[in-house]
Amino acid sequence: MVSIQIRGLEKRFGDVVALNQLDLDIQSGELFFLLGPSGCGKTTLLRSIAGFHLPDSGTIEFDQEDVTRIPPHLRETAMMFQSYALWPHLNVYRNVAFGLEERKVSKAETKERVEEALAMVKMEGLGNRKINQLSGGQQQRVALARALVVRPRCLMLDEPLSNLDAKLRIEMRSEIRRICKESGLTAIYVTHDQKEALSIADRLAILDGGNIAQVGTPEDVYRRPRSALVAGFIGETNLIKGEVAFISGANVYVKTAIGDLAGRPSDPDYPLEPGTPVTLSIRPECLSIETTPPARNEIAGHLTESIYLGEVAQYSLQAPGREEPFHISELNPRRIIRDTKQKLYASSKPEDVMILPFS
Amino acid sequence: MNRKLAIAIYIGTAIFFALFFVYPIWHTVKEAFVTTDGGITFAYVIEIFQNPVYVEGLVNSFYMGLFTTILSLVIALPLALLANTWNFKGREILNSLILIPLILPPFVGALGIKQLLGQAGVLNSFLIDLGLMNADAPYDWLGEGQLFGVVLMNALHLYPIAYLNVSAALANVDPAMEEAAENLGCHGLRRLLRITFPMIMPGMFAGATIIFIWSFTELGVPLIFDFSRVTSVQIFHGIKDLSGNPFPYALVVVLLVFTVMFYLLGKWLFGREIAASSGRASTGRSLRDASPVMNAICIGAFLFVTGLAVLPHFGVILLSASNQWYDSILPADFTLQHFEDALGHPLTLNSIGNSLKYASLATLTNVILGIAIAYVVVRTKLPGRQLLDAMAMLPLAVPGLVLAFGYLAMTREGQRFDFLILGENPILILVIAYAVRRLPYVVRAAAAGFQQTSVTLEEAAQNLGCPPLKALRKVTLPLIAANLIAGGLLAFSFAMLEVSDSLILAEQQQHFPITKAIYALVSSLGTGPNIASALGVWAMAFLAITIIGAGLILGKKMGALFRV
């Protein structure tokens, strides 16, 4: 299993900058996610690592060995394609055996390894099936087996679950993690589904406009986003613009259109002083709704919407001086408030109010 | 649509096919097995296989079909691969130019080839000028039997069909299929053989089938080359003494049986349809930018093939503008007299008018039938509609010669359908013959249009109070107009070039279509061949305009028209 080092990677398609001087390190044996809105460059990055795009500048190293100019068929990566790309003229067995045949593995070993790989994805005994006799979930498993069987230096997964229904997606993502960990694979996984990333990634990178916006563990990225973009892309959040009023101990007080709010900088090294313009991020689940004014971080307003979902109640609270309502999620709600006339309050602990660079 | 109307269309089309497709074939088959006193005999067919002249004709026909198909694929496959891999300069234009030979009448081109490769032709004169050949003993390039010339001309005419099919098949391959192979270590030629070829095999087979059937029974080209030892020409010459002679019928039956056999064999070997996997394609096929060397290779290859294919017709243009052209590289002196003669000659002016008349009426019939059939097949749930679809495609699999022969037989004096020859005028039967043979292209084009146009658009119109037929006319037809025009143009240009039906069914000079007029002029003495060439040039000019129009409208989708 390789570690991957990417330095100054740049790729343009005409005038469009798909990757912009990008640096990234992926550890050996890591299940690493590339995440971002469509057009952010995540697929371009994956395909560059696999060798399908030749970068305009920069380098890609596998274990300190420069592979930037090595063509895809010699890179010994294995990609699982979004469309699966299973060859319809070959049956399941021949599809999976293909990479081993190319590697001149003996017949006997090929058979053994194909069967092992099919067993790993729970498709044992289905080698003689034709591709068009398989369900979507089965095709996905065969595609995974075909990639795994060659024991790649790095496994690449390009939105592997996007063609499956919701239930199967949840089941398969745990399967993928189990298999990657059992085989100790370095794997790069591209998705736009944040739940997939949060649930099984060791670490993830959020891409935006060909740049890496943030790299970290799922908890890191969710709890301490470094920008409004990351906060908004991973999970839901309320963003409030303001400027630093004063700093008192760990708390930073920020002056906003809806009153002063106390928060903590997301990055401890983020230089703040009175007057610095900032953006605050408060997750809906960090806000609680109250009928009486709270002691601190008071946000007052009227309800515009109440949704009861059983385990959670969702409120939209319109505060004067602000166009967008606040989104508030209350876990295990004992009652649901539907009165839109009554003045209500939302509040949050200062450690749940993230101070981010102004944007 | 109204179910009753759909059933009416179904029955109407079925009757049309029964009368003008099944019956003529049946009539021919019957004649081949029935003796003069009404008994059934296999003697005629057996006699075919015992007569060395007929056997040689069949073998030559098979070679003509096989070599033409192979040569067409050899020409088209590399070009299609280049055009689907590299983005080279002028790709769009070269992509259209490469199709031009399809609409250049091959038997006119054959005149040019004779001029170029004949013993007193351009190539020999050129070699003699260079001192590479003895002027007293010029080499005969077209050789004993002229098969080489016929195959070359056929392949240079038909390779666009292979090109369109292979291109369409390549465009349908999800690029991820090839990338997955690359990713697992399979590269270059190996990848081509292991992944790409198997995946485009059905498309390639579809094209090859049409080319084989077309060239296996080609009549015009061997006729111009005076190559009489092929079955098609033997049948043509047999017509002269049709009354009482059962052998032309028996030959037609043998030809038909072989065609069907080869088709089924090919389908069984190569044509198994491959269903794609359910995942959707991740990326469109993106072309790689060609390096300067690759640019030169691509442009060179395309220009070379196009040039080669157009060369015979260029020869025809020179021939039509020459006073004397014998034993020299270029004509000795030029004249426009033949073009004037061609327009002044009673035979030619008449024939242009006749061809336009026949082809337009046939095209109109095709478009109406095509819309009706495609609608029933795509938009209704009528049981047996697949059968209708298959029926509409059948004329592609039956040699034109066989049908032409059937029409001739069924409209002979005293036969049940002799009223179709109005007095002596073959217009009705020619229009029907042209229409039946070209119907598949128009049905395919219209069906593609219906499939691409969501039925909800029509339903929305009906929902707002528009009756079904009016909704079809106001909403769907305008949306599929491009498909209909392209299919119609193609049908029109092929009808203008039609050889078998025209040569066999038009018997009086004043009813000759262009092709028969050219054939008549070629065989006449004096400036006949020159005037024939001039007439050919006029015909080509007409066709160039129509096919370029079709290409512009349909673009890449044209490949869909040439599938069985």
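The values are calculated or read from the model by the stated rules, or taken from the named source; none is laboratory data. Computed from a predicted structure; not experimentally measured. For neighbour counting, all protein chains shown are included, and Cβ atoms are generated from backbone atoms with ideal geometry for every residue, glycine included. For the accessible areas, the whole protein counts, side chains as well, though only heavy atoms, and no ligand, DNA or RNA atoms are used. Shrake-Rupley method; radii C 1.70, N 1.55, O 1.52, S 1.80 Å.
Odds and ends about this structure:
- Across region A:236-357, C-alpha contacts under 8 Å between residues 6 or more apart give a mean separation that, scaled by the residue count, equals a relative contact order of 32 percent.
- Stokes-Einstein D in µm²/s, Kirkwood radius over Cα pairs - region A:170-260 at 20 °C with 1.002 mPa s viscosity: 138
- Model label sites at B:I7 and A:Q21, defined 7 Å from Cα along the beta-carbon direction, differ in position by 7.6 nm.
- For region A:4-228, carbon and sulfur atoms together expose 47% of the accessible surface, with a 1.4 angstrom probe and every protein chain in place.
- Under 29 Å from A:K349, Cα to Cα: lysines that are on another chain or at least 8 residues apart: A:K195, A:K241, A:K255, A:K341
- With coordinates expressed along the principal axes, the C-alpha atoms belonging to chain B extend over 75, 69, 49 Å, beginning with the largest.
- The string of couplings for region A:99-108 from the Karplus curve (6.51, -1.76, 1.60, θ = phi - 60°) is x, 6, 4, 5, 8, 6, 6, 4, 4, 5 Hz, one whole number per residue in order, with x for Gly and Pro.
- What the phi angles of region B:181-188 give under the Karplus curve with 6.51, -1.76 and 1.60, with θ = phi - 60°, is a coupling list of 5, 4, 4, 9, x, 9, 9, x Hz, glycine and proline written as x.
- Estimated translational D of the protein assembly as shown in µm²/s (Stokes, Kirkwood radius over Cα pairs; 20 °C; 1.002 mPa s): 65
- Computed over protein heavy atoms with a 1.4 Å probe, the carbon and sulfur contribution to the accessible area of chain B reaches 66%.
- Nearby lysines by direct alpha-carbon distance to A:K111 (threshold 30 angstrom, same-chain neighbours under 8 apart not counted): A:K122, A:K130, A:K181
- Mean accessible surface per residue for region A:236-357, computed with a 1.4 Å probe while every protein chain stays in place, in Å²: 52
- Along region A:328-333 the Karplus relation, 6.51 cos²θ - 1.76 cosθ + 1.60 evaluated at θ = phi - 60°, assigns HN-Hα couplings of 10, 10, 10, 7, 6, x Hz to successive residues, with x for each Gly and Pro.
- For region A:236-357, the alpha carbon convex hull comes to 102 Å³ per residue, rounded to a whole number.
- Placing unit charges on the Cβ atoms of the charged side chains and taking the dipole of chain A about its Cα centre, the candidate lying farthest along the positive direction among A:V353, A:S199, A:A295 is A:S199.
- With the convex hull of its Cα atoms as the shape, region A:4-228 has an orientation-averaged projected area of 12.6 nm².
- Counts of other chain beta carbons within 10 angstrom of each beta carbon in peptide A:70-77 average 4.
- Straight-line reach from B:K381: taking Cα to Cα under 23 Å and skipping same-chain neighbours fewer than 8 places apart, the lysines in range are B:K4, B:K470, B:K474.
- 1.4 Å probe accessible area per residue over region A:4-228, in Å²: 40
- Chains A and B together bury some 2600 Å² of accessible area, summed over both sides, with a 1.4 Å probe.
- Relative contact order (%) - region A:4-228, alpha-carbon pairs under 8 angstrom, separation at least six: 29
- Rounded to 10°, Cα long-axis angle of helix A:166-183 versus longest principal axis of chain A: 60
- Stokes-Einstein translational diffusion, region A:1-114 - Kirkwood Rh over all Cα pairs, 1.002 mPa s, 20 °C, in µm²/s: 134
- Drop in accessible area of at least 30 Å² in the complex versus isolated chain, residues of region A:138-164, 1.4 Å probe: A:Q139, A:N163
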